[in-house]
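Working notes, structure below.
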């Protein structure tokens, strides 16, 4: 049995497997299918300062080797989370991590500050792919300046592990990564979904109410793998890789490319126990190749 423990800049995990935000609810929804405490970290659905209704239906569409979603961060806000959800999840013995979203810097910072007071939440994941309403809707994460500004504001009020989730819809992912590292991020996770669309040819209508949405699933894996490799070379802080990981082999590829940990998203919809299968698969790979620790293969890609 290999040692699967990893460390995300002070956040200790029993193994490198995490769930991706938006695909695993608040964790409790999956406890009939998988032992939650075997998972290295659970990133719960996106949470905002105020309640959001999300986008109109239809807001999900299946595509070849993936899916599109335009849910729109539907959630009941941070106060509801603190009062109703936190008491249900705080005793789960793994890293329960909140994905934080916002529409301006102030709402990001306020939400993070409130979560900072929750003793059983050891980290947050900052989703900077959100549109900045004060800047005409451009996402914070598509410019180095925008990404840096929101991370700086959150870093001032949030004292625990700060993971920043990057958008792939940029021209230079390494530049964005370096900017959030300089602003105080403890770790970087990538990639978020890729902007795409789907059309019903018979009706001559888009399949999503918002026309475009975020593409995830196996289709995005080669792009995600390339970006993780680029970012892991560009920064000194740990990188968390995600995007199209469907099995243990996919996860191992991301670790070889430089990821300290990985997240599983769309695959949870296909197989709700996939996380544990990936953990077991990583261990089998390490044993088969005579590695004593998963750390031995982080960034071990031979070029």
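Hey, among the residues in region 93-110 that are more than 15 Å from the chain's Cα centre (by Cα) and closer than 24 Å to residue 36 by Cβ, which one's surrounded by the most Cβ atoms within 10 Å (Cβ to Cβ)?
This residue is 94.
Looking at (1) in contact with a helix residue (DSSP H, G or I) (Cβ under 6 Å, 6 or more places away or on another chain); (2) part of a helix (DSSP H, G or I); (3) under 27 Å from residue 224 (Cβ atoms), find the lone condition where residue 109 falls short.
Failing condition for residue 109: (3).
Going by the conditions given, is residue 163 buried (at least 23 other Cβ atoms within 10 Å of the Cβ) and at negative phi?
Yes: the conditions hold for residue 163.
Please note which strands (runs of 3 or more DSSP E) are completely contained in region 119-216 and include at least 3 residues that are over 30 Å from residue 91 (Cα atoms) and either in contact (Cβ under 8 Å) with a residue 24 or more places away in the chain or more than 20 Å from the chain's Cα centre (by Cα) (or both).
Hits in region 119-216: 194-197, 212-216.
Can you tell me which condition residue 120 does not meet? The list is (1) under 21 Å from residue 28 (Cβ atoms); (2) touching a strand residue (DSSP E or B) at 6+ places or on another chain (Cβ under 7 Å); (3) crowded, with 16+ Cβ neighbours inside 10 Å, and all the others hold.
Of everything listed in (1) under 21 Å from residue 28 (Cβ atoms); (2) touching a strand residue (DSSP E or B) at 6+ places or on another chain (Cβ under 7 Å); (3) crowded, with 16+ Cβ neighbours inside 10 Å, residue 120 misses just condition (3).
Any residue at all in region 276-291 that is assigned to a helix (DSSP H, G or I), over 15 Å from residue 4 (Cβ atoms) and touching a helix residue (DSSP H, G or I) at 6+ places or on another chain (Cβ under 9 Å)?
no
Can you tell me which residues in region 35-65 are on the phi > 0 side of the Ramachandran plot and touching a helix residue (DSSP H, G or I) at 6+ places or on another chain (Cβ under 7 Å)?
Hit for region 35-65 is 65, nothing else.
Is it true that some residue in region 203-212 is touching a helix residue (DSSP H, G or I) at 6+ places or on another chain (Cβ under 9 Å) and at negative phi?
No: zero hits.
Bear in mind these aren't lab numbers, they're just calculated from the coordinates by the rules spelled out. Note that the structure is predicted; figures quoted are calculated from it, not measured. Cβ coordinates were reconstructed from backbone atoms using ideal geometry, including for glycine residues, and neighbour counts include every protein chain displayed.
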